[in-house]
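Inspection log for the structure reproduced underneath, given as structure tokens.
Each reported figure results from applying straightforward, stated rules to the coordinates on display, with no laboratory input. No experiment lies behind these values; they were computed from the predicted model shown. Methodologically, a virtual Cβ is constructed for each residue, glycine included, from the backbone with ideal geometry; neighbour enumeration extends over all protein chains shown.
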């Protein structure tokens, strides 16, 4: 029976393989291993993967969305799913031949759910316990590569982003995008530049709810929009550890943000740790759609936030491009405890750069082993309750 299903696969890049692949996913097989195709697999509708199923492709097997399909390539079949794994493949959304970005033209209506409205996402997963996605390339989405919400106990690892152009512009193109109710997860070893947040951890964006207990370990990107955005407009984001981030970023490297300012709530964060950050600014090219807009610091803390504890350690910046602060805290934001240890700043721009620019309220600031030469250690336009530090070099 299973042999007959595999025989229906064509893999010539011309024939539509959607029905054949979906039949395999519906067959009850716990491991669906697609054979190496003659050329590539072509699909025209969203594939649905069931609970207790692994979908495996060879690492560089090409699976492409057909022109004008205008749909997600893969999502979970059940609302309350469990034990799903996706491994391998180059998942090509073929963005120039899909409908244009609905976030740019205003056609997308955010209903705070994961409905069927077209968003231009390669993969979307919602409501899964025990989820793994690994060893894949995500190529040319219209917006996000992978979107996730209500995911408990998950692993995202060994991902390559192959983003070449936008539709119509290179904006809103996140890599791994988490929405509310994601917890107990690891995201590791991500490579390639995205035209928005390479990792977005958003408690209040397309689906609202707390996000907690997540590690992000290993980001490698050149001329990328940003490495990680943390977003809260009202829900708690806590116990997040971001480490081993390398590269250059034209927006910010790490942003702790509210973003949605049309309410009187604050964004809430606690126990956020940033470690082993080696980053600088990247040029802003016209294709990014950022010309003339505000240029952010390497680590940027937005306005209207309440942060209990923020730790930054082993943060090293060698700047050749843009003279903006290394760390900036906006007005009307409070941080109870801010610890910055084992950091350095090297500046070749010819303009003085503040290491820490503060317009907010810091209750307790701890500084240790900060190495700065011929720059401004602290530019304080806000308030700092107390400072404990070793001599700043």
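Quick notes
- Model label sites at residue 78 and residue 369, defined 7 Å from Cα along the beta-carbon direction, differ in position by 4.9 nm.
- For residue 111 and residue 262, the FRET efficiency from 1/(1 + (r/R0)^6), where r spans their Cβ atoms and R0 equals 25 Å, is about 0.95.
- Relative contact order of segment 220-393, taken over Cα pairs closer than 8 Å and 6 or more residues apart, is 17 percent.
- In the chain, the calculated helix contribution to ellipticity at 222 nm averages -1000 deg cm²/dmol per residue, counting -39,500 (n - 2.57) for every DSSP H run with n ≥ 4.
- Here the residues 371, 225, ranked from fewest to most Cβ neighbours within 10 Å of their Cβ, fall in the order 371, 225.
- With q set to 0.14, 0.16, 0.17 Å⁻¹, the log10 of I(q)/I(0) for segment 209-367, from the Debye formula over equal scatterers at the Cα positions, is -0.67, -0.88, -1.01.
- Only beta bridges with both residues in the chain are counted; by DSSP, about 0 percent of them are antiparallel.
- With both labels modelled 7 Å from their Cα along Cα-to-Cβ, the residue 30 to residue 54 distance reads 1.0 nm.
- Taking packing as the residue-averaged number of other Cβ atoms within 10 angstrom, the listed peptides 111-118, 280-287, 51-58 run from highest to lowest as 51-58, 280-287, 111-118.
- Between segment 1-27 and segment 364-391, the alpha-carbon center distance in angstrom: 62
- Each peptide in 350-360, 100-110 gets a packing score, the mean of other Cβ atoms within 10 Å over its residues, and the list from highest to lowest is 350-360, 100-110.
- Segment 108-141 and segment 254-324 have Cα centres separated by 25 Å.
- With R₀ fixed at 51 Å, the C-beta to C-beta distance from residue 164 to residue 390 puts the FRET efficiency at about 0.65.
- FRET E, pair residue 96, residue 223, Förster distance 22 Å, beta-carbon r, rounded to 0.05: 0.60
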